[in-house]
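A short worksheet on the structure shown next.
The values are calculated or read from the model by the stated rules, or taken from the named source; none is laboratory data. Quantities reported herein were computed from a predicted structural model and do not represent experimental measurements. Here Cβ is always computed from backbone atoms with ideal geometry, including for glycine, and neighbour counts include all displayed protein chains. When the accessible area is computed, the model is the full protein with side chains, heavy atoms only, and any ligands, DNA or RNA have been set aside. Shrake-Rupley method; radii C 1.70, N 1.55, O 1.52, S 1.80 Å.
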Amino acid sequence: MAHIVRKPNGSFLIRVSNGMKNGKQQLVSVTFKPEGNVSSAMAKRAAEKYAVLFEELVHSGGYEKKQEQNAELRARRRMTLEDFVTKYYYPSIQKHLSPNTCRTYELIIDQLLLPSFGRVELEDIDSTHLQNFVDFLSTPDARVAGGEGLSPATVKRYATVFSSVMTEAWKQKILEENPFEKGYIHYPRIVQPKLEAYNDDEASAFTEALAEEELRTQALLMLALTTGMRRGELVGLMWSDIDFDTRKICISRSVYKPKGEEQCVKSTKSISSNRSVYLSDSCADILYRWKIEQERQKRHCGSLWIDSGFVFTDQNGKNMSIYAPTRICAEFEERHGLRHLKLHGLRHTCGSLMVNHGVDPETVKAVLGHEDLKTTNRYLHPYESGKREASNTLDKIIKGRKTDGFSE
């Protein structure tokens, strides 16, 4: 039977026998404190009920099991950050992140995070460690090759990896709370770079110059300009994704190349990136003509042709290199004296032109596959012609008011 002793502070010490061990009686105890402001008699009855439950737990073996679990949990909390990352974090992210992203995370952790905090125990890590990491990333020491500190945007991105590690420790119930969740961290100010995009006249000159190029280049760059597809999405596009009757493209895969490995195919960047877009008449025509040309190449190669099913291939049918679109775009712009714009700038041009000509941001978000409307709103920057027109409009309004006698 449980032995109950009332303490001066109102709590109760409950002792229960857990049998004999080495000729000695083993006693286990627990402290119970009644909830709320209750009378002495009610507190005693509550302690007696709790004692019965506690005694049942001890005699059933549940107490020892719980103690073992608590001991294991305490040991896991005393694990160093390095041990947790190796045993728990890396296996976890490999289940839901792309191989490329996993490699990037591992590089940041192995080269920057663990050298500073690898031997710190999980339960000792708090927001000051994250702030110290952010401050370190802003110094030249954070660059392996030397030079200035990392850019503010890169600092924020790398710090997110540290946060991801501690969030995973909380999700796996190793930590009772996320130590970074409520901590205020001072990050270096991020200045959003201006999006580089072609204006209306430059976009027209771009498409006119394309007419002089081979069909593969026409199809590749026209798709990039009119649909805003990413480089990996362009290279990963297959003919089975295109419905020429409805002029609809289903974007569901992307190509990437891990360092030192063969080019690979994966799903798109995010759920929102898995989307459908529609082809303009001119783009559909160019694509169809490229399809016919590719069939001609296939007949010419005969048995040497690699029937990959991809839209953009080399002369033997093999999927185009992930690096090829960037080179093709740069060489095309140089040949025709166009302002140099990176391939990704065609995606920015697509979004900017749509917004500038009245397409609502939600539709632009869906076309480009953005996860957040904030990303789409970056395209809401005015062109010089728009600012000039706004000035003329205001001038007309002001002059009209003066004529109508609204000014003194």
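Residues in the stretch 218-228 that are open to solvent by less than 10 Å² (accessible area, probe 1.4 Å) and either in a helix (DSSP H, G or I) or among the polar types (S, T, N, Q) (or both): Ala219, Leu220, Leu221, Leu223, Ala224, Thr227. Quick one: in the stretch 243-294, which of the residues that are among the basic types (Lys, Arg) and open to solvent by less than 80 Å² (accessible area, probe 1.4 Å) is nearest to Leu368 (Cα to Cα)? The qualifying residue nearest to Leu368 (Cα to Cα) is Arg275.
Figure legend. Inter-residue proximity from the stretch 108-133: first residues farther than 19 Å from Tyr187 by Cα, second residues in a helix (DSSP H, G or I) and small (Gly, Ala, Ser), beta-carbon distance below 6 Å, spacing 6+ or different chains. Indicated pairs: Leu122/Ala169.
For the structure I just gave you, tell me whether Asn274 is closer than 16 Å to Val235 by Cα, among the polar types (S, T, N, Q) and in contact (Cβ under 8 Å) with a residue 40 or more places away in the chain. Yes, satisfied.
Filtering the stretch 322-336 to residues that are under 23 Å from Gln263 (Cα atoms) and open to solvent by less than 50 Å² (accessible area, probe 1.4 Å) leaves Ile322, Ala324, Pro325, Ile328, Cys329, Ala330. Residue count for the stretch 14-49, restricted to those that are of a type outside the set (S, T, N, Q), at pLDDT below 85, closer than 16 Å to Met1 by Cα and open to solvent by 60 Å² or more (accessible area, probe 1.4 Å): 2.
Criterion applied to Trp305, Trp239 was being exposed (fewer than 15 other Cβ atoms within 10 Å of the Cβ), of a type in the set (Phe, Trp, Tyr) and modelled with pLDDT of 90 or more, and the one residue passing it is Trp239.
Residues that are free of Cβ contacts under 8 Å to residues at least 24 places away in the same chain and open to solvent by 50 Å² or more (accessible area, probe 1.4 Å) within the stretch 174-189 comprise Glu176, Glu177, Glu181, listed in sequence order. Candidates Lys365, Lys298: the one that is modelled with pLDDT of 90 or more and part of a helix (DSSP H, G or I) is Lys298.
Just one of the listed residues (Ala169, Ala159) is closer than 26 Å to Thr375 by Cβ and buried (at least 16 other Cβ atoms within 10 Å of the Cβ), and it is Ala159.
At pLDDT below 90, assigned to a loop (DSSP other than H, G, I, E, B) and exposed (fewer than 13 other Cβ atoms within 10 Å of the Cβ): is that true of Met1 in this structure? So Met1 passes the test.
Restricting attention to the stretch 231-266, the residues that are within 20 Å of the chain's Cα centre (by Cα), in a strand (DSSP E or B) and in contact (Cβ under 8 Å) with a residue 60 or more places away in the chain add up to 5. Looking across the stretch 101-119, just one residue is surrounded by 14 or more Cβ atoms within 10 Å (Cβ to Cβ) and either touching a strand residue (DSSP E or B) at 6+ places or on another chain (Cβ under 6 Å) or part of a loop (DSSP other than H, G, I, E, B) (or both), and that is Gly118. Would the stretch 122-137 turn up any residue that is surrounded by fewer than 14 Cβ atoms within 10 Å (Cβ to Cβ), hydroxyl-bearing (Ser, Thr, Tyr) and either at positive phi or modelled with pLDDT of 90 or more (or both)? The answer is yes; a qualifying residue exists.
Residue check: is Ser164 among the hydroxyl-bearing types (Ser, Thr, Tyr), buried (at least 16 other Cβ atoms within 10 Å of the Cβ) and in a helix (DSSP H, G or I)? Criteria met by Ser164.
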